[in-house]
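The values are calculated or read from the model by the stated rules, or taken from the named source; none is laboratory data. Quantities reported herein were computed from a predicted structural model and do not represent experimental measurements. We place every Cβ from the backbone using ideal geometry, glycine too, and count neighbours over all the protein chains shown.
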Amino acid sequence: MSTVRVLGAVAVAMAFAPSAVAASPRVMSLDSCADQYVLALAPREAIVGLSHRAGAPDSYMRKASVGLPQRRATVESLVAARPQVVVRHWGGDARLVSVLERRGVLTVMIDDAADFDGVRANVRRVAVALDRKAAGEALIARMDGQLKASAGAWQGQSALYLTPGGYTAGSGTLIDAMLKASGLSNASAGPFFSPVPLESLVMTPPRAVVLGFFDLTRAGSDRWGAGRHAALRRATENRTIASLSGAVVGCPAWFAADGVAQLAQARTAR
């Protein structure tokens, strides 16, 4: 077969072959949480921009971000990237959002999910916008499998969640849903996030402690926060059942189930 005929056959095959890039819209994410969804759901070739924190230690999908463009959440970056879909959790200001609307760019919001139903809704919303429904359902199935395997592991034992800044999480938070999904009851009586009194924790330590974000060397107050106080460390070190990484608890996403599985495995190990 001649070279011309071979090239012609290849051209015809390429013309009729399905193209992931053609089928998937150009997508840009504006912040770290949005990065996780875009990296997990969008074809690599369709990603025209990630945030500058895509490769940070608390980015769950950081390895997948290598080699992809990172852009600031500015109008100038938007114009340069020419996305058809923008995914955001908190990134971008009102001016940028207004520009997106005027340009007809589909903006997909990731909500601050307080439970796993909220996570499912987030995944499906982004997956639909990216025309990747099957990939979204696969993430949800993975999450649900972990939740099912972890259910009831701690049989109602009480545990307190603690961050380096000395904060805990009560009802109305995804952390609370994670604790309960592993069979733990939340020792925090209040709703949402609130500071934990250092004195009361030292004088009356909780039966069990779950740490969050302690894997990160954080700047500012967290570095010297109540959660890192020497007295509190001594009071909780023999009561800590798990330390959840910032990559797992930093975003309302499907991988929160990784933290649930870690908690359940800690029970098995005891």
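With respect to the stated conditions, Gly165 fails to be assigned by TED's automatic domain parsing to the domain that holds Leu244 and either basic (Lys, Arg) or more than 24 Å from Asp35 (Cβ to Cβ) (or both).
Checked against (1) under 26 Å from Gly170 (Cα atoms); (2) modelled with pLDDT under 95; (3) charged (D, E, K, R), Arg88 passes all but a single condition, namely (2).
Of all residues in the stretch 74-99, how many are more than 22 Å from Glu45 (Cβ to Cβ) and not hydroxyl-bearing (Ser, Thr, Tyr)? Explain how you work it out, then say what you get.
Restricting attention to the stretch 74-99, the residues satisfying the condition of being more than 22 Å from Glu45 (Cβ to Cβ) are 74-76, 89-99.
Imposing the further condition that a residue be not hydroxyl-bearing (Ser, Thr, Tyr) reduces the set to 75-76, 89-97, 99.
Residues flagged as more than 22 Å from Glu45 (Cβ to Cβ) and not hydroxyl-bearing (Ser, Thr, Tyr) within the stretch 74-99 amount to 12.
One residue stands out in the stretch 96-106 among those that are out of contact with any strand residue (DSSP E or B) (no Cβ under 9 Å at 6 or more places or on another chain) and part of a loop (DSSP other than H, G, I, E, B): the one that is surrounded by the fewest Cβ atoms within 10 Å (Cβ to Cβ), namely Gly104.
The conditions of being on the phi > 0 side of the Ramachandran plot and in contact with a helix residue (DSSP H, G or I) (Cβ under 8 Å, 6 or more places away or on another chain) are met by Gly166.
Identify the residue in the stretch 120-171 that is surrounded by 14 or more Cβ atoms within 10 Å (Cβ to Cβ) and among the polar types (S, T, N, Q) and, among all such residues, is nearest to Pro195 (Cα to Cα). Selected residue: Thr168.
The set of residues from the stretch 162-177 being farther than 22 Å from Asp144 by Cβ, at pLDDT 95 or above and of a type in the set (Ser, Thr, Tyr) comprises just one member, Ser171. Residues in the stretch 178-208 that are modelled with pLDDT of 95 or more, out of contact with any helix residue (DSSP H, G or I) (no Cβ under 6 Å at 6 or more places or on another chain) and aliphatic (A, V, I, L, M): Leu179, Leu184.
The residues of the stretch 107-119 that are outside any helix (DSSP H, G or I) and surrounded by fewer than 20 Cβ atoms within 10 Å (Cβ to Cβ), listed by number, are Thr107, Met109, Asp111, Asp112, Ala114, Asp115. Among the conditions (1) part of a strand (DSSP E or B); (2) touching a residue at least 24 places away in the same chain (Cβ under 8 Å), Asp131 misses just one, which is (1). Applying the criterion of being touching a strand residue (DSSP E or B) at 6+ places or on another chain (Cβ under 8 Å) and buried (at least 23 other Cβ atoms within 10 Å of the Cβ) to the residues of the stretch 49-64, the residue that is farthest from Gly246 (Cα to Cα) is Gly49. For the stretch 50-95, residues that are part of a helix (DSSP H, G or I) and among the hydrophobic types (A, V, I, L, M, F, W, C) total 7.
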